[in-house]
Amino acid sequence: MSAAQIMGLVASGQATSRADLSRLLGLAPSTVSAHVQELLDAGLLEESGEGRSRGGRRPRLLSVRAGDGVILAADLGGHHARIAAMDRAGRPEAIQDLEIDVTAGPEPVLARITDALAELAAGRTVLGMGIGLPGPVDSEGAVVGSSRMHGWNGFSVRRRLAEYYQAPLVVDNDANLMAMGEAVVRGPELRDFVFVKAGTGLGAALVNDGRLHRGARGVAGDVSHNRVPAGGERPCNCGNFGCLETIASGAAIVAALRAQGVDLATTADLVRLARDGNPTVNTTLRFAGRQLGEVLVTIVNFFNPQAVVLSGALATCDLFVAAARGALYERCLPLTTQELQIGESVAGPDAGLLGIGRLLIDQGLAAPVRNLP
Ligand SMILES: [Zn+2]
């Protein structure tokens, strides 16, 4: 057992008392008390108030002490980055939005991000640093096979960042981090879910028993290149044909509508026209949502999640979500949908940042957290 495990259980709200820790870690109360005392002495945990009694003395509530040092986080999109300095518990203290152009390549973009983060850190010790990238990231922290991140393919972001920071690092794709952010906001009750980011592009992530499922090479969760019958012979930027991405991504829907003479250029335009009730837009959105839903049917039948969480611009379009939900209820095994929640993400614009915080805390922050004997 490590101190990081205790810190992770307390930070995530799974454990609020020594009794919780004892139960979750399967350790004797005396052992847990000794470890907790060390963390209290080190100033990493603090006690407050009194919890609910389950018979006997009421337990003191444990929480993570904000203390010194910062977690730094950056969530990158194609043209925009949201960066934050967070406390030891992963709570954002300062957030800043930056305009970036991810196609400028990794060196200038990372230099810009690390400069801006240095300002937010204001000389404090960096306890951990994480970055979310809008493309597939392999287990080495390198971008792989992204058609939208010109100049990044094969570049090890992790190795570059390790030159800046002598602290634990997280390098992951945006959908994975947003899924973990959703887990932070929803709390320990939500442990098994499929998270779909449906914006200009499509991405997805799988959280299994509270943990990200990354797969053998780190790229699990990609639903966008599943072939769908309606995709026909449409070329996809992955080099294949008829992928879900060519029908149900914001970019694909915008292109389909333009071909039908609708005047729009971006996914934001699409959302606006959908709100105005444009009939051509609605028909196309409904069709796209249905295609996404049919791909999710296979995943829900196989994985039996508690929830399918939809995020991104398209998740704000009721018809798109309703069509995906309809396909799931119609085509999934009844037992898998009986208690299945299907709905929009509640994590908000900081989802990726919160996810970075959670992953760093789970893997263990920089000193003074050390392995307990
Ligand atoms: Zn594809």
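Nothing in this text is a laboratory measurement; each read-out follows from the coordinates by a stated rule. Predicted, not measured: the structure shown is a model, and the values here were computed from it. Please note: Cβ atoms are built from the backbone with ideal geometry, for glycine as well, and neighbour counts cover all protein chains shown.
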> In deg cm²/dmol, rounded to 500, what helix-only [θ] at 222 nm does the chain give when every DSSP H run of at least 4 residues adds -39500 (n - 2.57) and the total is split over its residues?
Replying inline: -12000 deg cm²/dmol
> Relative to the longest principal Cα axis of the chain, at what angle does helix 351-363 sit, 0 to 90 degrees, rounded to 10?
Replying inline: 40
> Considering only the other residues whose Cβ falls under 14 Å of the Cβ of residue 95, what net charge follows from Lys and Arg at +1 and Asp and Glu at -1?
Replying inline: -4
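What ranking, highest mean first, results for peptides 301-312, 258-269, 341-352 when packing means the other Cβ atoms within 10 Å averaged over each residue?
On the way: 301-312: 20.0, 258-269: 12.7, 341-352: 18.0.
Sorting 301-312, 258-269, 341-352 by mean packing, highest first, produces 301-312, 341-352, 258-269.
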> With the Cα gyration tensor of the stretch 83-207 giving a ≥ b ≥ c as the square roots of its eigenvalues, does the rule (a/c under 1.5 for rounded; else a/b larger than b/c for prolate; else oblate) give rounded, prolate or oblate?
Replying inline: oblate
>> As a footprinting exposure proxy, order 23, 191 by other Cβ within 10 Å, with the fewest listed first.
In response: 23, 191
>> If you fit an axis through the alpha-carbon atoms of helix 29-41 and take the longest principal axis of the Cα set of the chain, what angle between them do you get, 0 to 90°, nearest 10?
In response: 90
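Given 0.36 nm per residue, what is the gain on full extension from residue 268 to residue 322 after removing their alpha carbon distance, in nm? Mind dumping the intermediate values first?
Values: separation 54, 0.36 × 54 = 19.44 nm, distance 1.92 nm.
This chain segment gains 17.5 nm when fully extended.
With +1 on each Lys and Arg Cβ and -1 on each Asp and Glu Cβ, how big is the dipole of the stretch 173-323 about its Cα centre, in debye rounded to the nearest 20?
Numbers: 13 positive and 13 negative charges, 28 e Å.
That gives the stretch 173-323 a dipole magnitude of about 140 debye.
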> All other residues with a Cβ under 14 Å from the Cβ of residue 327 taken together, and with Lys, Arg as +1 and Asp, Glu as -1, what is their net charge?
Replying inline: +2
>> About the Cα centre, and with charges only on the beta carbon of Lys, Arg (+1) and Asp, Glu (-1), how big is the dipole of the stretch 299-373? Nearest 20 debye, please.
In response: 240
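Out of the stretch 225-325, which GluC sites (Glu not before Pro) are coil in DSSP terms and have no more than 16 other C-beta atoms within 10 Å?
Working: sites: 233, 245, 294; in loops: 233.
Within the stretch 225-325, the qualifying GluC sites (Glu not before Pro) (loop, at most 16 other Cβ atoms within 10 Å) are 233.
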